[in-house]
Amino acid sequence: MTTSWQDPAAVEWMLDEAQTWAVVGLSNNPERTAWSIARLLQERGKRIVPIHPSAPTVHGEQGYASLAEVPFPIDVVDVFRRSSEAGEFADQAVEVGARGVWFQLGVVDPEAFERTTAAGVPMVMDTCPAIEWRTRGR
């Protein structure tokens with residue numbers, strides 16, 4: 001079932017057109033879902049940008065401690081944080097001019113969704129790029 005949180009046009013644009021994905025919570029821990037999804041994004045031709053307080057280099061890409069420190073445009077901010085903490089990253093994404101926001105499976109913040117989309121930034125919530133690519137048969 002499709003909800004407004006998973007608008008097919010927003011999902012399609014992010015998966016097919018967006019190229020630079022800032023991955024909030026990405027570290028060098030291969031046991032974390034962010035690590036494997038970042039790898040998948042790279043395999044699908046996306047540039048990943050690790051966002052983590054320790055700013056590690058992950059999958060060969062330089063990390064940054066915050067979205068504000070990234071010195072180039074970001075297409076999508078992909079958030080791997082608890083729902084209670086995720087909204088601040090949606091707000092930061094809007095502030096830095098990101099073109100889209102993606103909250104991973106299980107990450108839900110309806111108020112952040114309302115703020116982000118009201119600012120004109122498409123947002124996808126409570127799903128994963130791997131799931132969406134698989135659902136689309138790609």
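No value in this document is a laboratory result; all are computed from the given coordinates. It should be emphasised that the depicted structure is a prediction, and the values quoted were computed from it without experimental measurement. Because the Cβ atoms are built from the backbone with ideal geometry, glycine has one as well, and the counts that use them run over all protein chains shown.
Bin by bin, in steps of 5 Å, what percent of the Cα pairs in the stretch 1-49 do you find, going until the bin that has the longest distance? For the stretch 1-49, the binned pair fractions read 5, 20, 24, 21, 18, 11, 2 percent.
Using a Gaussian network model of the chain in which every pair of alpha carbons under 10 angstrom is joined by a spring, one finds that among A119, A90, A65 the greatest mean-square fluctuation is at A119.
Take the stretch 18-135, drop everything but the C-alpha atoms, weight them equally and run the Debye formula without solvent; then report log10 I(q)/I(0) at 0.09, 0.14, 0.15 Å⁻¹ to two decimals. Relative scattering, expressed as log10 I(q)/I(0), comes to -0.20, -0.49, -0.57. In the chain, the DSSP beta bridges split such that about 5 percent are antiparallel, to the nearest 5. Here the Gaussian network model covers the chain, with springs between Cα atoms less than 10 Å apart; of F72, F103, F80, F72 fluctuates the most.
Which residues does the label zone of D7 cover in the stretch 81-101, counting backbone N under 14 Å from a point 7 Å along Cα→Cβ? Under cut-off, by backbone N: 99-101.
Could you work out how far the C-alpha centroid of the stretch 74-138 sits from that of the stretch 1-50, in angstrom? Result: 10 Å between the Cα centres.
Residues whose amide H lies under 5 Å from that of W102, counting only those 5 or more places away or on a different chain, are V77, D78, V79, V124; hydrogens are built 1.01 Å from N in the peptide plane.
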